[in-house]
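A short worksheet on the structure shown next.
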Amino acid sequence: MFLAYYPPFDESYTTLPDNWCEKIRDTKIMTIDGYTFSDLPANFIFKAVSLAKANNVKIFFDPGPLFQPHVTRQDVISIVQQTDVLLLTLEEARKHFPWLCSEENVDKAAHILLTSSAFPFLDTIVIKHGEFGAALYTHHHKSSHQHHHHHHHHYNPGQRRNLNQDLIFQEGPRRDTDSIWSRSFIQTISQSGQSEVVKVFIPAFPTIPKDTTGAGDSFASGIIFSYLNNWTLHEAGILANAIGSVTVSKMGAGPNVATFEETLGKLQSHPQGDPIAQNLKRVVSQSQ
């Protein structure tokens with residue numbers, strides 16, 4: 001579910017309406033973004049988040065540029081302290097976590113956030129690099145027997161290797177896209193005892209952008225879908241990039257975002273996209 005409110009919020013509300021509570025308890029994931037703060041007062045958002053956490057609902061937070069003057073940095077931190085999956089661009093990371101990202105090393109910032117006891121639920125960070133692709137970081141426990149945390153790590157980061165080593169290209173001229181896909185990688189960026197922080201980088205699909213409206217939401221939908229279906233970070237990154245790239249290749253958002261068929265078509269253009277497309281079809285047909 002996505003937490004938002006339209007028309008302008010009725011300030012006479014002091015507690016969450018009953019029908020909201022019911023929906024929050026019944027959902028698996030609650031998504032919050034910067035626009036939620038323009039729709040709802042912060043204390044209302046915190047109540048919704050507290051209820052969600054009490055019912056083991058995962059929180060996905062995409063702060064975006066957060067241009068509302070009334071939203072403090074502490075408000076952002078308070079949400080991140082309850083967040084399971086954090087999505088943001090490099091610029092947003094530097095804006096919201098300046099004490100971390102002033103250093104150029106985003107990997108180090110991701111490591112600090114994922115291993116900090118201040119953010120006990122934070123499981124995955126997705127840094128969106130626009131036309132270059134996306135980096136997905138997860139705090140991964142090598143052995144579930146050593147797992148003392150009270151939250152469940154949903155994502156399987158996949159094996160740590162160059163993601164293209166099992167692709168054998170025929171001799172002859174390579175198409176441009178082949179060299180683009182070879183930039184995929186999985187890397188352990190830090191290790192401590194039985195836990196490690198793993199980074200998965202997935203290059204963007206070659207796309208001629210027409211309009212970036214809705215791109216972030218489209219991308220996030222791929223991450224959320226993958227999370228709900230227990231896909232690997234590698235699969236999540238490819239699916240999210242595919243949906244985002246279809247959306248930016250069209251004008252406008254709303255009904256003009258990527259369709260199911262367009263997403264399948266885009267996945268087919270990736271050397272490892274076919275099993276993901278088949279998986280996507282299977283999950284969607286089962287849910288109908």
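The values are calculated or read from the model by the stated rules, or taken from the named source; none is laboratory data. Quick caveat: nothing in here was measured; it's all calculated off a predicted structure. Note: ideal-geometry Cβ built from the backbone for every residue, glycine included; neighbour counts use all protein chains shown. Remember, those area values only see protein heavy atoms, side chains included, never the ligands or the DNA or RNA. Shrake-Rupley method; radii C 1.70, N 1.55, O 1.52, S 1.80 Å.
Key figures
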read-out	value
Förster-model FRET efficiency, 30 Å R0, PHE132 and PHE260, C-beta, rounded to 0.05	0.70
Under 5 Å, built H, 5+ apart or other chain: amide partners of ILE189	VAL197, VAL198, LYS199
Partner lysines for LYS199 [C-alpha distance under 20 Å; skip if fewer than 8 residues away on the same chain]	LYS108, LYS128, LYS142
Reciprocal mean inverse distance between Cα atoms of region 207-273 - Kirkwood radius, Å	11.7
Percentage relative contact order, region 33-80, counting C-alpha pairs under 8 Å, at least six apart	49
Relative packing of 13-20, 187-194, 227-234, which averages over residues the other C-beta atoms within 10 Å, highest first	227-234, 187-194, 13-20
Backbone N under 13 Å from the GLN272 label point (7 Å along Cα→Cβ), restricted to region 115-141	136
D (Stokes-Einstein, µm²/s), Kirkwood Cα radius, region 1-64, 1.306 mPa s at 10 °C	134
Given LYS53/LYS250; LYS250/LYS281; LYS28/LYS281, the pairs whose alpha carbons are separated by over 30 Å	LYS53/LYS250
ARG183, ARG94, ranked by accessible area, largest first (probe 1.4 Å)	ARG183, ARG94
Total charge dipole magnitude, region 18-84, about the Cα centre, Cβ charges on Lys, Arg, Asp, Glu only, Debye to nearest 20	180
P(r) of region 72-121 over all Cα-Cα pairs, binned every 5 Å from zero, in whole percent	5, 20, 32, 30, 12, 0
Residue-by-residue Karplus 3J(HN,Hα) for region 252-262, coefficients 6.51, -1.76, 1.60, Hz, glycine and proline x	x, 10, x, x, 8, 6, 3, 8, 4, 5, 5
Quotient of Cα Rg and 2.2 N^0.38 Å for region 3-114, N being how many residues it contains	1.11
Accessible area of region 192-246 divided out per residue, in Å², using a probe of 1.4 angstrom	33
Karplus-derived HN-Hα couplings along region 233-247 (A = 6.51, B = -1.76, C = 1.60, θ = phi - 60°), whole Hz, x at Gly and Pro	4, 4, 5, 4, x, 5, 4, 4, 4, 5, 5, x, 5, 5, 4
Difference of contour (0.36 nm per residue) and Cα-Cα distance, THR207 to SER78	42.8 nm
